[in-house]
1. Please count how many residues of the range 9-31 are at pLDDT below 95 and assigned to a loop (DSSP other than H, G, I, E, B).
2. For the subset of the range 109-123 comprising residues that are open to solvent by 60 Å² or more (accessible area, probe 1.4 Å) and modelled with pLDDT of 95 or more, which member is farthest from GLY41 (Cα to Cα)?
3. Among what's in the range 33-61 and is of a type in the set (D, E, K, R) and within 15 Å of LEU78 (Cβ to Cβ), pick the residue that is most open to solvent (accessible area, probe 1.4 Å).
4. When you scan the range 32-90 for strands (runs of 3 or more DSSP E) that lie fully inside it, which ones turn up with 3 or more residues that are out of contact with any Ser or Thr (no Cβ under 9 Å at 6 or more places or on another chain)?
5. Applying the selection to the range 19-32, what residues are buried (at least 20 other Cβ atoms within 10 Å of the Cβ) and either free of Cβ contacts under 8 Å to residues at least 12 places away in the same chain or more than 12 Å from the chain's Cα centre (by Cα) (or both)?
6. Over 27 Å from ALA14 (Cβ atoms), surrounded by 20 or more Cβ atoms within 10 Å (Cβ to Cβ) and modelled with pLDDT of 95 or more: is that true of ALA97 in this structure?
Amino acid sequence: QVQLVESGGGLVQAGGSLRLSCAVSGLFSSYSMAWFRQAPGKEREFVAVIRRSSGTTTYADSVKGRFTISKDNAKNTLYLQMNSLEPEDTAVYYCAASRVLLEGLRPREYDYWGPGTQVTVSS
């Protein structure tokens with residue numbers, strides 16, 4: 001079983017930056033890792049994924065060019081660097097792990113989830 005714990009959320013002014021971390025237990029390299037977010041009243045939204053084998057990354061159009069997903073295998077940690085933050089980025093951010101990805105864009109593809117961390121961007 002995999003356990004995930006996010007950290008690094010907080011309050012930031014529009015235009016600012018924040019880096020989220022996700023500490024992962026187990027065989028980190030065996031899983032593709034992703035970030036999702038969910039704002040009140042909205043469905044959970046795909047943000048970014050990094051695939052376990054190739055390291056290929058995919059981003060939602062809404063964050064492309066502003067966010068960067070990365071991982072440190074030695075530390076078993078996933079990161080999301082968020083720059084040029086906008087109020088629309090306000091949400092609870094979740095990291096997720098998948099043993100086998102299909103398209104990789106839907107929450108149903110992921111087997112493990114962290115409890116989430118709140119990101120609030122003020123205007």
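1. Number of matching residues: 4.
2. Kept after step one, since they are open to solvent by 60 Å² or more (accessible area, probe 1.4 Å), are these residues of the range 109-123: 111, 113, 115, 118, 123.
Add one more test, that the residue is modelled with pLDDT of 95 or more, and what stays is 113, 115, 118.
Values: TRP113: 20, PRO115: 18, GLN118: 15 Å.
So the residue we want is TRP113.
3. First, pick out the residues of the range 33-61 that are of a type in the set (D, E, K, R): 37, 42-45, 51-52, 61.
Still in the running and within 15 Å of LEU78 (Cβ to Cβ): 37, 51-52.
On the way: ARG37: 14, ARG51: 63, ARG52: 88 Å².
Here the answer is ARG52.
4. Numbers: elements: 32-38, 45-50, 57-59, 67-72, 77-82.
Here the list reads 32-38.
5. VAL24, PHE28, TYR31
6. On the way: over 27 Å from ALA14 (Cβ atoms): yes; surrounded by 20 or more Cβ atoms within 10 Å (Cβ to Cβ): yes; modelled with pLDDT of 95 or more: yes.
The answer is yes for ALA97.
The values are calculated or read from the model by the stated rules, or taken from the named source; none is laboratory data. Everything numeric in this text was worked out from a predicted model, so none of it was measured. No Cβ is skipped: glycine too gets one built from the backbone with ideal geometry, and neighbour counts run over all protein chains shown. Only protein heavy atoms, including side chains, enter the accessible area calculation; ligands, DNA and RNA are left aside. Shrake-Rupley method; radii C 1.70, N 1.55, O 1.52, S 1.80 Å.
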